Amino acid sequence: MEIPIFDGHNDALTAEHHGQLASGSDQGHVDFPRMRAGGMRGGIFAVFSESARNPVRLRRGEDGVLRRPFASPLPHARAVDAAATAAGRLFALERAGEVTIARGIADFDDAFAAPEMGTPVAVLHLEGAEAIDPELAALELWYAAGLRSLGPVWSRPNAFGSGVPFWFGAGPDTGPGLTPAGRRLVSRCAELGVLVDLAHLNEAGFWDVAALEPGPLVCSHAGACELALTSRNLTDAQLDAIRDSGGLVGIVFAVYFLDPRFRVDPELGISLIVDHIRYVADRIGVEHVALGSDFDGTTVPAALGSAAGLGLLIAALAQAGFDRGEREAIAWRNWRRVLDAWWRD
Ligand SMILES: [Zn+2]
């Protein structure tokens, strides 16, 4: 049997082709026909809301570090509106029978136990919790609707903490940790059974979450600082903490976070992804590394192209010496373990 794939992060719900997720399109990276073609039975579907201002120009400091300024803060009311719209798209697809929204591990298992891929399974994720009020009342609504994964911050400050600005040539130690509301959010997520995602969080915030011991530490889409020193990647100390907690890191496919020279070049190969998977597997164990493409949110290797090309990555892992059991762990079994550990159902 072809190895099924669970991918830890995509932005398809807010991509331009969001209206064609069921029918398929040649835009972006993810839709259900291309998931089927690539063996991607499920993934974490992010609700991401853009800032009003998001400067992209990099400036090189006297220390040689390339820095992009913060995106502007996202006001709560604007975030509530945008997040409800994006999540509504997924619920409409569920109502139409096109997708299963995973509310418990049985939904995941139904999708991954079958001999052939059936209805794709989606985990609803909030990437940045601006749509949640600091008193967390809205968190109850989102949970009741089906939210099962949440990143307290995107790459900007909010009421809960601060994400990393995009820096190249420096690591994730970029600012202060969680606010008191951020600590309450993490603890309440743990009680409800909503996975807390550490992607985009700065290093101080990462250690604040770790100290609360809410569950296995999970970073859905990042790479290793040791191979490419960017603020969006993880230091060896962070990787070790992920191992010690039983968690995982989903390796991102964004070429400029993986390339040691940070090039935004789609001609960079699939081997770049394999290099980071190999590094993390060798350092903390193959049971703590998985996939977190960031499809529809970034530039991925052209050779991979889209979700339809995921089989090429699994083949490259085999070439790199990962045996079948290891490939299955990376492709989906590690994600299953941490989702099961976090979720209540
Ligand atoms: Zn992201």
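Any read-out appearing in this document is the output of simple, stated calculations on the displayed coordinates, not a laboratory observation. Everything quoted here is computed from the prediction, not taken from an experiment. Cβ: placed from backbone, ideal geometry, glycine included. Neighbour counts: every protein chain shown.
Numbers at a glance
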{"read-out": "Extension gain (nm, one decimal) between Ala145 and Leu66, 0.36 nm per residue minus Cα-Cα", "value": "24.4 nm"}
{"read-out": "More than 18 angstrom apart: percent of Cα pairs within the range 28-122", "value": "61"}
{"read-out": "About the Cα centre, charge dipole magnitude for the chain (Lys/Arg +1, Asp/Glu -1 at Cβ), debye", "value": "480"}
{"read-out": "Rounded to 5, percent antiparallel among DSSP beta bridges of the chain", "value": "20"}
{"read-out": "Contour minus Cα-Cα distance for Thr85 and Asp110 (0.36 nm per residue)", "value": "6.2 nm"}
{"read-out": "Student exercise, the range 143-254 dipole from Lys, Arg, Asp, Glu Cβ charges, in Debye to nearest 20", "value": "440"}
{"read-out": "GNM result for the chain, Cα springs below 10 Å: residue of Ala92, Ala290, Ala122 fluctuating most strongly", "value": "Ala92"}
{"read-out": "For the range 1-75, radius of gyration divided by Kirkwood radius, i.e. Rg to Rh on alpha-carbons", "value": "1.14"}
{"read-out": "³J(HN,Hα), Karplus 6.51/-1.76/1.60, whole Hz, each residue of the range 338-343, x for Gly, Pro", "value": "6, 4, 5, 5, 7, 7"}
{"read-out": "Backbone HN-Hα couplings from phi across the range 81-98 [Karplus 6.51/-1.76/1.60, Hz, Gly and Pro as x]", "value": "4, 5, 5, 4, 5, 5, 5, x, 4, 6, 5, 5, 5, 5, 4, 7, x, 8"}
{"read-out": "Rh by Kirkwood over Cα pairs, then Stokes-Einstein D for the range 273-323 at 1.306 mPa s and 10 °C, µm²/s", "value": "135"}
{"read-out": "FRET E, pair Asp265, Glu226, Förster distance 22 Å, beta-carbon r, rounded to 0.05", "value": "0.55"}
{"read-out": "Cα convex hull volume per residue for the range 127-257 (Å³)", "value": "93"}
{"read-out": "Loop-located GluC sites (Glu not before Pro) in the range 89-143, at most 14 other Cβ atoms within 10 Å (DSSP)", "value": "Glu116, Glu135"}
{"read-out": "Percentage relative contact order, the chain, counting C-alpha pairs under 8 Å, at least six apart", "value": "19"}
{"read-out": "Of the trypsin sites (Lys or Arg not before Pro) in the range 90-170, those whose Cβ has at most 11 other Cβ within 10 Å and which sit in DSSP loop", "value": "none"}
{"read-out": "Over the chain - Rg/Rh using Cα atoms and the Kirkwood inverse-distance radius", "value": "0.93"}
{"read-out": "Low-density loop cleavage sites - trypsin sites (Lys or Arg not before Pro) in the range 23-69, where at most 12 other Cβ are within 10 Å (DSSP)", "value": "Arg53, Arg57"}
{"read-out": "Net lengthening on full extension, Ala320/Thr299 (0.36 nm per residue, minus Cα-Cα)", "value": "5.2 nm"}
{"read-out": "Long-range amide H partners of Thr230 with built H, under 5 Å", "value": "Gly169"}
{"read-out": "Estimated translational D of the range 198-306 in µm²/s (Stokes, Kirkwood radius over Cα pairs; 37 °C; 0.692 mPa s)", "value": "239"}
{"read-out": "Selected from Val194, Val274, Val249 as most flexible by GNM, with the chain as the system and alpha-carbon contacts under 10 Å", "value": "Val274"}
